[in-house]
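The values are calculated or read from the model by the stated rules, or taken from the named source; none is laboratory data. All values reported here derive from a predicted model rather than from experimental measurement. Heads up, the Cβs are rebuilt from the backbone with ideal geometry, glycines too, and the neighbour counts pull from every protein chain shown.
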Amino acid sequence: MPHAYDDQNIFAKILRGEIPNDTVIETEHTLAFRDIGPQAPVHVLVIPKGPYVSYDHFAAEASEAEIVDFARVSARVIAEAGIGLGEGGQGYRVISNAGSHGTQEVPHYHLHVVGGRALGRMLAAPQ
Ligand code: AMP
């Protein structure tokens with residue numbers, strides 16, 4: 001089944017400039033901005049500018065230029081936040097939720113970059 005992209009999602013509105021955002025880095029293909037409800041001292045969302053729903057959609061269908069740019073911007077976010085191991089930081093977590101099992105709220109692919117404190121185990125016990 002093809003991935004159906006809803007262009008009324010809130011990140012599409014941010015990309016069109018209809019809603020403000022707290023930009024960290026912007027490039028030709030990628031936008032990184034602070035999460036409105038941070039879960040840790042560092043909580044930045046990295047999104048492609050193209051209409052991709054999820055990690056697998058982006059990884060399968062985005063151009064190499066988009067994928068490389070997204071990866072490099074993610075690395076810059078980590079480096080500039082001082083949480084990367086190469087910067088002497090204490091580490092971080094990157095998360096991408098997809099669909100109902102992944103509890104994805106916004107159906108535009110995004111990577112959460114979270115750090116600045118000890119984050120605990122990756123997954124909570126099943127409810
Ligand atoms: P997810 O559950 O992975 O889809 O996460 C969506 C994330 O988007 C949540 O962490 C929200 O706090 C965040 N979010 C929603 N609206 C905005 C917004 N206008 N600006 C920044 N972050 C937002």
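Take I14 and decide whether it is within 16 Å of the ligand (Cβ to nearest atom), farther than 24 Å from H101 by Cβ, free of Cβ contacts under 8 Å to residues at least 40 places away in the same chain and assigned to a helix (DSSP H, G or I). Give the steps one after another, and end with the answer.
Numbers: within 16 Å of the ligand (Cβ to nearest atom): yes; farther than 24 Å from H101 by Cβ: yes; free of Cβ contacts under 8 Å to residues at least 40 places away in the same chain: yes; assigned to a helix (DSSP H, G or I): yes.
Judged against the criteria, I14 is a match.
Please tell me if E64 is loosely packed, with under 14 Cβ neighbours inside 10 Å, in contact (Cβ under 8 Å) with a residue 12 or more places away in the chain, over 20 Å from G82 (Cα atoms) and out of contact with any Asp or Glu (no Cβ under 6 Å at 6 or more places or on another chain). Walk me through it before giving the result.
Details: loosely packed, with under 14 Cβ neighbours inside 10 Å: yes; in contact (Cβ under 8 Å) with a residue 12 or more places away in the chain: no; over 20 Å from G82 (Cα atoms): yes; out of contact with any Asp or Glu (no Cβ under 6 Å at 6 or more places or on another chain): yes.
No.
Among the residues of segment 70-95, write down those that are polar (S, T, N, Q) and within 17 Å of R34 (Cβ to Cβ). Correct list: S74 only.
Considering only residues that are touching a strand residue (DSSP E or B) at 6+ places or on another chain (Cβ under 9 Å), more than 15 Å from the ligand (Cβ to nearest atom) and either at pLDDT below 95 or not aliphatic (A, V, I, L, M) (or both), which ones fall in segment 55-70? Once the filter is applied, which keeps residues that are touching a strand residue (DSSP E or B) at 6+ places or on another chain (Cβ under 9 Å), more than 15 Å from the ligand (Cβ to nearest atom) and either at pLDDT below 95 or not aliphatic (A, V, I, L, M) (or both), segment 55-70 yields E66, D69, F70.
Against the test of being within 12 Å of the ligand (Cβ to nearest atom) and surrounded by 15 or more Cβ atoms within 10 Å (Cβ to Cβ), the options V94, V113, V73 yield a single qualifying residue, V113.
Condition first: surrounded by fewer than 18 Cβ atoms within 10 Å (Cβ to Cβ) and assigned to a helix (DSSP H, G or I). Now tell me which residues in segment 76-91 satisfy that.
Passing the criteria: R76, A79, E80, L85, G86, E87.
Of all residues in segment 21-31, those being more than 8 Å from the ligand (Cβ to nearest atom), over 21 Å from Q90 (Cα atoms) and either surrounded by fewer than 16 Cβ atoms within 10 Å (Cβ to Cβ) or aliphatic (A, V, I, L, M) (or both) number 6.
Name the residue that is surrounded by the fewest Cβ atoms within 10 Å (Cβ to Cβ), counting only residues in segment 33-54 that are touching a residue at least 60 places away in the same chain (Cβ under 8 Å) and either within 11 Å of the ligand (Cβ to nearest atom) or part of a loop (DSSP other than H, G, I, E, B) (or both). Steps first, please.
Residues of segment 33-54 that are touching a residue at least 60 places away in the same chain (Cβ under 8 Å), as a first pass: 35, 39-48.
Now narrow it down to the ones that are either within 11 Å of the ligand (Cβ to nearest atom) or part of a loop (DSSP other than H, G, I, E, B) (or both): 35, 39-41, 43-45, 47.
On the way: D35: 16, Q39: 13, A40: 17, P41: 11, H43: 17, V44: 27, L45: 22, I47: 24.
Restricting to residues being touching a residue at least 60 places away in the same chain (Cβ under 8 Å) and either within 11 Å of the ligand (Cβ to nearest atom) or part of a loop (DSSP other than H, G, I, E, B) (or both), the top hit is P41.
Taken together, the criteria place G82 among residues that are over 17 Å from the mean Cα position of the chain (by Cα) and away from the ligand (no atom under 11 Å from the Cβ).
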